[in-house]
Every structure is written in C-alpha cells, then in structure tokens.
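In what follows, a structure is listed as structure tokens, so that the remarks can point back to it.
The values are calculated or read from the model by the stated rules, or taken from the named source; none is laboratory data. Note that the coordinates shown come from a computational prediction; the quantities given were computed from them, not determined experimentally. Cβ: placed from backbone, ideal geometry, glycine included. Neighbour counts: every protein chain shown.
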Amino acid sequence: HCLAVRAVCQREIDCDRGNGYSWKITLLRNYWKSKVKQEWLSGKYSNIPSQFSLPEKSMYPMDVNTWGEILEVELER
C-alpha cells in the first residue's frame, strides 16, 4: 500500500518520511489524498458542468503544490 500511495504522492511521502513519521503514520496521512489526487490526475473531473456535480469524496485538503500538479495536468489535456 505504501508503494502505491508513493507512486501518486511521492513528494508528500518523502516529506513525511524526512520529518520522521513512521511508514504507518505516513500511510494514514496520505492514503485518501492519494486516492483523490489520482482521480483528479486521471481526468475523472475534467469535464464537469459545475462544482455541484462533483462527488462527495472528490475533494481532500491538499497543499498548493499538489493542486499545482493537478492544474498542470489539466492544462496539458
């Protein structure tokens, strides 16, 4: 699970590990973020008509760099 999460959230995982978090805590801190981030990066929410069309679990607190990654991918589509 840790490697799957790291494939999507490498920067976040490396930062947490660098700050001394155990793998268990790192996984707990980043699991749902990786799921939501992967859906955004895959284009699942690229053509929604409004914010009200987003599923309930499509948002997650993410830092500005993560949203920047998502926006860069959207601009390339």
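Just to verify a result, which residue in region 21-48, among those that are of a type in the set (Lys, Arg) and closer than 18 Å to residue 3 by Cβ, is nearest to the chain's Cα centre (by Cα)? Out of the qualifying residues, it is 37.
Would region 49-58 turn up any residue that is surrounded by 12 or more Cβ atoms within 10 Å (Cβ to Cβ), in contact (Cβ under 8 Å) with a residue 12 or more places away in the chain and under 15 Å from the mean Cα position of the chain (by Cα)? Yes - at least one qualifying residue is present in region 49-58. Residues of region 32-55 that are of a type in the set (Ser, Thr, Tyr) and modelled with pLDDT of 90 or more: 34, 42.
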